[in-house]
Structure formats: structure tokens, C-alpha cells
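The values are calculated or read from the model by the stated rules, or taken from the named source; none is laboratory data. What you are looking at is a predicted structure, and each value in this text was computed from that prediction instead of being measured. Cβ coordinates were reconstructed from backbone atoms using ideal geometry, including for glycine residues, and neighbour counts include every protein chain displayed. Just the protein is used for accessible areas: all its heavy atoms, side chains included, with ligands, DNA and RNA removed. Shrake-Rupley method; radii C 1.70, N 1.55, O 1.52, S 1.80 Å.
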Amino acid sequence: MNGSDGRVRVTGGVVVTADHRAETLDVVVEAGRIVDLVRPGGAGDPHAATIDASGCLIAPGLIDLQLNGGWGHDFTSDPASIADVAAHLPATGVTAFLATIVTSSVGHRGRALRALAALDTETPGATVLGLHFEGPFISPERAGAHRRDLIGAPDAAELATWTGDRGLALVTLAPEMPGALAAIAQLTAAGVVVSAGHTACSADEFAAARAAGLTMVTHLYNAMAPFGHRQPGPIGATLADPDVFAGVICDGIHVDPVAVGMAWRALGANRLILVTDAVAALGLGEGPVRLGGGTVDVTAAGVRTGTGVLAGSNLALDQAVRNLIAFTGCTAIDAIRCATTNPADALGL
């Protein structure tokens, strides 16, 4: 998606460059794309409008790999709303995202794929990079707010349609589920990134999944077996792995700031990915909102089901960047990398 026309020169700001440095540069944008970075000063472009960014960082657009909806819209129950949410996202710094479909029926997943195919790519707003199927191939023991009655492996006919060329970019599954390793190999061969999540897998099962092609972990710590020094499980396996990417919901509710700091020390600026797991509550105040086929409540204690289980967030990704800086003391450049370069690298962009 785009929607920006004409030539604009952004002046006075400190630019976070692609090689993760900060330089005082002017940014020239034309038809919604950066076309040049130039030293400040000298003759201006008489045909370009200017934006004064003095005192600001000019950062790449943020990428959210786990977004369930926002501004009252839920992608699982209403995938036609993806474009409406995309129009709001640039105000939170997000210029690209994956529309996440939680555990639901095969009909819901089919509707989401058709809605993605029907999107008008010229509509203003953030770019939709594809879909993220979070479930149904997850552990009933670690379902979180997902509907347990809909959890299970997709049949072979449906799984054959889960391909990158149909717009499916990411699948979250539990590596310990029967048939998961074969599914990981099939999905990666079809151009889909596979992530471990909602899982009680052992470290050995995690290693087997990695060997089959799994390259990412969905919302580290949340909806997974806890770490133990004799049973490290998915958390220990992730933090010990030298290459796997891991998403973290950095709102201070899903993960304690100390645990965020532990993940930061283990994963570093190259592998930690900031995600929001935001639901329809994003952009709204407190009160009930839809999630999948049900309703959740938004309070100061987060987004929760009627039984108090966390069910996504109302976190904006730009705030997650600020939180990572506050929780870990990392630089703004490193925090921005966790919401730009890292998610792009995880998708192979």
C-alpha cells in the first residue's frame, strides 16, 4: 500500500541508517519511497515540499509480525477489515505487518486468504506482507486464549494450500504435536516461515523442529512451558540457540521487564523481534472488544478473557520500542533494529 505522491525533503533530523548508524542527513521521498539521503545544506529542491524533523530520529518504518487487529476490528472474525487497520497503523510507526489469524475454523482461514488476495494494494496505509496463522496446530496445554475445541492439525488437503505464493508468510505451531516436524518441512519448502509457539516442547523437540526448518519463536515466555534448569523447554532452548529469532511482547504486562532484559542479553540486537500481539483494543479505550469468535476485556491490567487469561494486547509498536529502551538500557538504534531489520530478516525480505 502507499498513498503518498509528490517529492518531499525531510530536513534537520538524525537518520537511523540501514547499517545501524545515526547520521545527520536529509531524506528525499518521492511517491511514497525514499529516493535519496543527502548531506544537509546547499541548494534545496524547489519542487520538493519540506518537513522539519529537527530534534527527531528519522527511523525506518516498523514491521509488526503479530497483529490481530485494531481500532475495533478483529482479523480472524472479519478479515475484510485488514485494510481499515492498515490505514491507522502509520500513526504508530508501523509501515508493514502480518495480519494474524488465531485458532479458528478452516472456513475462517479460507476467508482470510481470499480477503488478502482481494486487497487493493494502492490503498493508503501500511503494507500487508501476508498472513500469520497462529494456530490451530498448537498445544492444548498451552492454548492461552485460543479456543481449545478448534485446536488440532489441519488436514493434508488444507495444509497443501498453506503456501507463500497464496500470501501465507508465517505459521505458529507447537513442535511436539504429532505430525509437526513433517508440517514444518512442508511449509518451509512452500515458502512459509515457521515459528514455535503455544508449546510445551522439550529442548530436544525444539532442536528437532529447528533441524526441520523452524527459524522463529512466537511471543517468547508467553503460552509456553516454563524454564527449568533440568527441563529447559522452549524458553531455555530459545535463549541457548545461536541463530533463532524470537518475538517478545514488550508491554511490561506479558513479560516482566527483568525477563525482557534476560532475553535481550541472550538474543541481542540481531535476533530479538518486537511484536505487539495487538487485538481490536489497539487504538481504543477500556472496555470489551472482539477476539476471534469471543469477547475480551481491556483494563489497565491488559487485555484478558473473562477468566483473567491474557488475550493479546493494546500495545502500539512504537511504544514497544520505547519500552525496550527503558527496560534494558539499549540504544534507540538497537531498539529500532528489533522492529525493522530483524522482522524483515526473519521473513527473508
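Miscellaneous remarks
- Qualifying residue in region 297-307 (condition: assigned to a helix (DSSP H, G or I), in contact with a strand residue (DSSP E or B) (Cβ under 7 Å, 6 or more places away or on another chain) and in contact (Cβ under 8 Å) with a residue 24 or more places away in the chain): no
- Boolean, Arg322 is modelled with pLDDT of 90 or more and touching a His at 6+ places or on another chain (Cβ under 7 Å): no
- Annotation: of all residues in region 219-255 being of a type in the set (Asp, Glu) and under 19 Å from the mean Cα position of the chain (by Cα), the one that is surrounded by the fewest Cβ atoms within 10 Å (Cβ to Cβ) is Asp243.
- For Asp277, the stated conditions do not hold, so it cannot be described as modelled with pLDDT of 95 or more, open to solvent by 20 Å² or more (accessible area, probe 1.4 Å), under 19 Å from the mean Cα position of the chain (by Cα) and not hydroxyl-bearing (Ser, Thr, Tyr).
- Qualifying residue in region 141-156 (condition: at pLDDT 95 or above, out of contact with any strand residue (DSSP E or B) (no Cβ under 9 Å at 6 or more places or on another chain) and β-branched (Val, Ile, Thr)): yes
- Take the conditions (1) closer than 26 Å to Asp345 by Cβ; (2) in a loop (DSSP other than H, G, I, E, B); Thr100 misses just one of them, which is (2).
- Conditions (1) open to solvent by 30 Å² or more (accessible area, probe 1.4 Å); (2) out of contact with any Pro (no Cβ under 7 Å at 6 or more places or on another chain); (3) not aromatic (Phe, Trp, Tyr); number of the one not met by Ala203: (2)
- Matching entry among Leu310, Leu284 (being at pLDDT below 95, in contact with a strand residue (DSSP E or B) (Cβ under 9 Å, 6 or more places away or on another chain) and closer than 20 Å to Ile138 by Cα): Leu310
- Candidate set from region 158-179 (those that are surrounded by fewer than 24 Cβ atoms within 10 Å (Cβ to Cβ) and of a type in the set (Gly, Ala, Ser)); member that is nearest to Met224 (Cα to Cα): Gly179
- Extreme residue, farthest from His254 (Cα to Cα), among residues of region 288-305 that are small (Gly, Ala, Ser) and open to solvent by 20 Å² or more (accessible area, probe 1.4 Å): Gly293
- All positions within region 111-129 that are over 15 Å from Ala169 (Cβ atoms) and either in contact (Cβ under 8 Å) with a residue 60 or more places away in the chain or not basic (Lys, Arg) (or both): Ala118, Asp120, Thr121, Glu122, Thr123, Pro124, Gly125
- The number of residues in region 172-188 that are closer than 18 Å to Leu220 by Cα and part of a loop (DSSP other than H, G, I, E, B) comes to 3.
- For region 14-32, taking the residues that are free of Cβ contacts under 8 Å to residues at least 24 places away in the same chain and assigned to a strand (DSSP E or B), the one that is nearest to Glu122 (Cα to Cα) is identified as Val28.
- Residues satisfying the stated conditions in region 42-53, i.e. touching a residue at least 40 places away in the same chain (Cβ under 8 Å) and open to solvent by less than 70 Å² (accessible area, probe 1.4 Å): Ala48, Ala49, Ala53
- In region 256-274, residue farthest from Arg322 (Cα to Cα) [restricted to those that are open to solvent by 30 Å² or more (accessible area, probe 1.4 Å) and aliphatic (A, V, I, L, M)]: Ala266
- Inclusion of Leu65 among residues that are crowded, with 20+ Cβ neighbours inside 10 Å and not in a loop (DSSP other than H, G, I, E, B) is warranted.
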